[in-house]
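Readers should treat all values here as calculations from the given coordinates under stated rules, not as data from a laboratory. Everything numeric here is computed off the predicted structure, so don't read it as measured data. Here the Cβ is made from the backbone with ideal geometry for all residues, glycine too, and neighbour counts use every protein chain on show.
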């Protein structure tokens, strides 16, 4: 495997890093202040002037829609080429949206490009690609353990020229945002199908459809993540036309696998960037602060943590690059073992590195002044999003055991009774 970056990628890396240094990082304080002002005025859920300016600047500099591998709509990058760019964007909570590369829009755009009809693409994909609207993904439900997606109880019932939807969803990221114009909802169209993986479908639900109600915003460790946020959404007698179905009835799991593979690796790429920034913050802090007659950097425990952080970040990066390479060469399904590994390794790595950075900052580390507390909250959330650690570990163990189990079955069959 050759993970050396191509000249095209190195040039994009330089441009992205320059964009972050010149525009994104200096805008973080202004963005937070604008959201705080909107919240004080009674409405935190509205687009910010700061983000709209950043988006205009990113488009002007050609740093737009860098995702979407093998697509005329994107930058024509493979997963392996996109990985280091996504990592750079992960250093700031503003950069992914500024470059129109943020979740859940990226996954939804991939779904619409792969599985959408020309009419669906014209109505929703094109505005998403232009950054004019945003979208949400309505899968998880509060009433069931959604880590097993076959538990999902949302009902999608055909009634003449429409589907009628009844559901209660939560952790629908971005649904609070007034720019969110469409949700991709997963629910059951055939609850009695003998194959439990053919009971579910995915359907497009415009947010202005009667019966769609935002119940509440869900906070993450006390953060409301405005103006994006995460919502609990009720769907009561929601009627959408038949042509809003994606791919066909009973193909929800097929779409989910196509969507979640790239989404998981994007999260992991961004987490590596987040961990790199935390390590940088930690190093700056410990060389400038003194305790017990020495700088914090002179204490052995600090140096040990810095060394361990560097090793863990680089290990995670190489594992992510390996997964991206296999996805490109052999497809997402063949790379499911590598995807499962990175989905466990990257969030756990980021949580630990950020925790060490918080410790190095003392009380300041858990304040709002350095962004580490919110970074930790985001990283910790990704040990649950797109499948919890336990599911990925179980899947990985099953794949590892399968050859041995098959051999044991074969030996048993050949043993005389």
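Among rounded, prolate and oblate, which fits the range 134-246 when a ≥ b ≥ c are the square roots of the eigenvalues of its C-alpha gyration tensor, a/c under 1.5 means rounded, and a/b larger than b/c means prolate? Oblate is the answer for the range 134-246, as a/c is 1.5 or above yet b/c matches or exceeds a/b.
Quick one: which of 236-242, 50-56 comes out on top by average Cβ neighbours within 10 Å, and what's the full order, highest first?
Details: 236-242: 14.7, 50-56: 16.6.
Listed from highest to lowest mean packing, they are 50-56, 236-242.
Express the relative contact order of the range 351-412 as a whole percentage, based on alpha carbon pairs under 8 Å and six or more residues apart in sequence. After rounding, I find 20 percent.
Two numbers describe the Cα atoms of the chain: Rg and Dmax, which are 22.5, 80 Å.
Show me the ranking of peptides 396-408, 78-90 by mean Cβ neighbours inside 10 Å, starting with the highest.
Numbers: 396-408: 11.0, 78-90: 24.1.
Descending mean neighbour count gives 78-90, 396-408.
Would the range 222-264 count as rounded, prolate or oblate if I go by the C-alpha gyration tensor, calling it rounded below 1.5 in a/c and otherwise prolate when a/b exceeds b/c, oblate otherwise? Here the range 222-264 falls in the oblate category. Please say if the range 8-128 is rounded, prolate or oblate, where rounded means a/c under 1.5 for a ≥ b ≥ c the square roots of the C-alpha gyration tensor eigenvalues, and otherwise the choice is prolate for a/b larger than b/c and oblate otherwise? It is oblate, given that a/c is not under 1.5 and a/b is not larger than b/c. Mean sequence separation of contacting Cα pairs (under 8 Å, at least six apart), scaled by the length of the range 134-246, corresponds to a relative contact order of 31 percent. The mean sequence separation of alpha-carbon pairs under 8 Å and at least six residues apart, normalised by the residue count of the range 253-405, gives a relative contact order of 28 percent.
Among 299, 230, the order by Cβ neighbours within 10 angstrom, fewest to most, reads 299, 230.
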